[in-house]
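Q: The structure that follows is given in the form of structure tokens.
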Amino acid sequence: MSTVIFETLFPGAPVAIPSATSGNGFGNDTWEFQKKIQFDAAVAFNGGISGTGIDSITAASATAFQVGQTLANPAFNIDTSTGTSVNGVNIASSATGSGPTISAIGSDSAITLNIAAKSTNPVSITPRLTITGTNASTLAAGPAGITNPTFKVDASTASAATGLQVKSAAAGAGIALSAISSGTNESLTLDAKGSGIINIAGSSTGIVALARNALSALVIGQTLTTLATQNTTPTAAQLLGGVIEHASTTGAGTATLDTGTNISTAVSGVTVGDSFRCLYANTGNQTVTITTNTGLTLKGTAAIPTLKNAVLTFLNTGSNAWTVYITLSA
């Protein structure tokens, strides 16, 4: 075993390794390069390479540089076969206490860095992954990437200090979603898009528990509708608003409910068993009688005396069919 040292006779000139180098008897030696090296053809090394200068390889090949026990299945491969290739990867070392950096380099002003596993296998990162960014799509996952992603993290808010924590647990103990922040109290907001619905327990069979902690009141937003005629026809939207005040006047009047079809249309994704409630308050001086319509079945006392309230509970029983349970106040 010996060390083969390559030097040039002219300062700054690269060491040129001819194409006949492979198999010339140097396979079991250690090669040490004192200058920049240049390969004119494929060169195979069976041992190690050490250099004190800048080593560069110019090639346009899918296997421009390979390292491994066998070149058929290399541990490391550099592919420079892309036509007019201008972008690549830079690996920068670091001092003690900080990690090395892998970054994109090239002539483009902005370059994406792609990491891909083989076939359909995942990319695994351990023990943890930290992403630092201030972009509206700092993290996006989905079949088309950033376009209509399945999941997205928006970190674009200036001086952002709030977030969402997902906490795992042992089997049978559930999973917890909670707000995190540098502040003491933070709200957690959940929204659908546009007129889409928020579906909770759409497929699970367990109960839905809300506000179980002490002093945790359940606050529900409702819309107040005020009617001031003898006879009224509250719409599906007004009934879904939750509260209707009817200032009855002149004489005994009626409140004809909307049709089952219109109510079903107003309840997005309605299915059998869906229900909602509306408080109907007679604030006038005449009796108001709740009157049925197509697709509705009324149960309970329909006549609401003056200054009395009635809770109307709507229960979907089929296609455009609703049963309305009327609970009159004392």
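Each value in this text was obtained by applying a stated rule to the coordinates, not by laboratory testing. In this text, all values refer to a predicted model and were calculated from it rather than measured experimentally. Cβ: placed from backbone, ideal geometry, glycine included. Neighbour counts: every protein chain shown.
Q: For the stretch 109-176 and the stretch 260-330, what is the centre-to-centre distance using only Cα atoms, to the nearest Å?
A: Taking the Cα centre of the stretch 260-330 as reference, the centre of the stretch 109-176 is 46 Å away.
Q: Relative to a virtual label point 7 Å from the Cα of GLN165 in the Cα→beta-carbon direction, which members of the stretch 178-204 show backbone nitrogen distances below 20 Å?
A: Under 20 Å, as judged by backbone N against the label point of GLN165, lie 178-190 of the stretch 178-204.
Q: Antiparallel as a % of all DSSP beta bridges within the stretch 223-328, to the nearest 5? Please report the intermediate quantities before stating the final value.
A: On the way: 17 of 36 bridges.
Around 45 percent antiparallel, to the nearest 5.
Q: Take peptides 250-260, 98-108 and line them up by average Cβ neighbours within 10 Å, highest first, as a rough protection proxy. Don't jump to the answer; show the numbers that get you there.
A: On the way: 250-260: 18.1, 98-108: 10.2.
Highest to lowest by the protection proxy: 250-260, 98-108.
Q: With each pseudo-label sitting 7 Å past Cα toward Cβ, what's the TYR325-ILE91 distance in nm, one decimal?
A: My value for the distance between the label points is 6.9 nm.
Q: In what order do ILE198, ILE244, ILE111, ILE263 fall by count of nearby beta-carbon atoms within 10 Å, going from fewest to most? Spell out each step's value before the answer.
A: Numbers: ILE198 8, ILE244 23, ILE111 15, ILE263 26.
Final ranking by Cβ density, sparse to dense: ILE198, ILE111, ILE244, ILE263.
Q: Out of residues 5 or more away from GLN230 or on other chains, whose amide H comes under 5 Å of its own, with H placed 1.01 Å from N in the peptide plane?
A: THR249
Q: Right, next: Can you give the FRET efficiency for ALA217 and SER98, using 1/(1 + (r/R0)^6), R0 = 45 Å, r = Cβ-Cβ distance, to the nearest 0.05?
A: Computed FRET efficiency for ALA217 and SER98: 0.35.
Q: Arrange the following residues from fewest to most other Cβ atoms within 10 Å of their Cβ: THR120, THR162.
A: On the way: THR120 5, THR162 13.
Fewest-to-most Cβ neighbours within 10 Å comes out as THR120, THR162.
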